[in-house]
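The values are calculated or read from the model by the stated rules, or taken from the named source; none is laboratory data. Source: prediction; values computed, not measured. Every residue, glycine among them, receives a Cβ derived from its backbone with ideal geometry; neighbour counts consider all protein chains shown. Side chains are part of the model used for accessible areas, which takes the heavy atoms of the whole protein and leaves out ligands, DNA and RNA. Shrake-Rupley method; radii C 1.70, N 1.55, O 1.52, S 1.80 Å.
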Amino acid sequence: MSDTLLTKLESGVLTLTFNRPEKKNAFTHAMYEAATNALRQAEGNADVRVVLLTGAGGVFTAGNDIGDFMEHPPSGEDSAVFRFLHALVDASKPVLAAVDGPAVGIGTTMLLHCDYVVASERARFNMPFVQLGLCAEGASSLLLPRMAGFALASELLLFGEPFDAATAQRAGLVNKVVPAANLQEVAAERAGALASRPAEAVRVTKRLIREPLRAEIRATLAREGAEFVQRLQSTEAQEAFMAFMSRGSKK
């Protein structure tokens, strides 16, 4: 698909690897487009039974590339980041994730739409939206309280502080935590096991699990997206982004 999104199809498993290790796999507009296209194409490819998301270089993703994000800010539901989220929500085939190192912002919220997540012991999660003057995204305001409970969901979203893999598992974001050296092996085994199951039975079962909430998820994505776009234009967000860019330029 592109140099920053590597694709490999083997034994029914389509692995999508976020590949900007020098930038901690931070997402650009082009990466969102490539990932969305890959997910959409997987829907129509009978050879794809399972999608596995992972990151290169011991990192899942640092979230949005702030510089690129400021150049291509989302302006509505047709924006690249929102199309990517909808592609995840609409996926009829199982989506798995192998998380190593940082999983920031959408790197954490995309896991809410995955069907199985394995994380390394050194994985670190963070949803720093409030700290950036923004708001919850990825339907996290709906799904995280359901999965983690209101107390933990409120703590993770309002404070926006990093948390470890054990907390992510407690919050329902992660199924299994393993040593970093075993992460890819375990992820490949789980993806392969699911790819070997009867494909239509898997899809029907995923639909039965996910469909009751899909309309509510889409409505939440629209509501969060509208607030997110407004927050981007706020003084709070502009000041937070400038401070972030300033810290980055001094490193």
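Over the stretch 192-251, the ratio between the Cα radius of gyration and 2.2 N^0.38 Å evaluates to 1.98.
What ranking, highest mean first, results for peptides 8-17, 45-54, 119-128 when packing means the other Cβ atoms within 10 Å averaged over each residue?
Details: 8-17: 17.1, 45-54: 20.0, 119-128: 22.8.
Sorting 8-17, 45-54, 119-128 by mean packing, highest first, produces 119-128, 45-54, 8-17.
Give the shape of the stretch 112-251 as rounded, prolate or oblate, defined through the alpha-carbon gyration tensor: a ≥ b ≥ c are the square roots of its eigenvalues, a/c under 1.5 means rounded, and otherwise the shape is prolate if a/b is larger than b/c and oblate if not. It comes out oblate by the Cα gyration axes. Relative protection proxy for 215-227, 131-143, from highest mean packing down: 131-143, 215-227 (other beta-carbon atoms within 10 angstrom).
Relative contact order for the stretch 13-75 using alpha-carbon pairs under 8 Å, separation at least 6, rounded to a whole percent? Don't skip to the end; give the middle numbers.
Numbers: 73 pairs, mean separation 33.6, N = 63.
53 percent.
Hey, any idea what % of the stretch 56-151's accessible area is carbon plus sulfur with a 1.4 Å probe? That fraction is 54 percent. Relative contact order of the chain, taken over Cα pairs closer than 8 Å and 6 or more residues apart, is 19 percent. When the square roots of the Cα gyration tensor eigenvalues are ordered a ≥ b ≥ c, the ratio a/c for the stretch 56-163 is under 1.5, which makes its shape rounded. Between amide H atoms placed 1.01 Å from N, distances below 5 Å from residue 121 occur with 178, 180, all of them 5 or more places distant or on a separate chain. Only beta bridges with both residues in the stretch 93-243 are counted; by DSSP, about 15 percent of them are antiparallel. When the helices of the chain are scored as -39500 (n - 2.57) per DSSP H run of n ≥ 4 and the total is divided over every residue, the value at 222 nm lands at -15500 deg cm²/dmol. The residues of the chain expose on average 46 square angstrom of accessible surface per residue, using a 1.4 Å probe on protein heavy atoms.
How long are the semi-axes of the equivalent ellipsoid of the chain, defined as square roots of 5 times the Cα gyration tensor eigenvalues? Whole Å, largest first. Walk me through the intermediate numbers first.
Values: eigenvalues 147, 77, 69 Å².
For the chain, the semi-axes come out at 27, 20, 19 Å.
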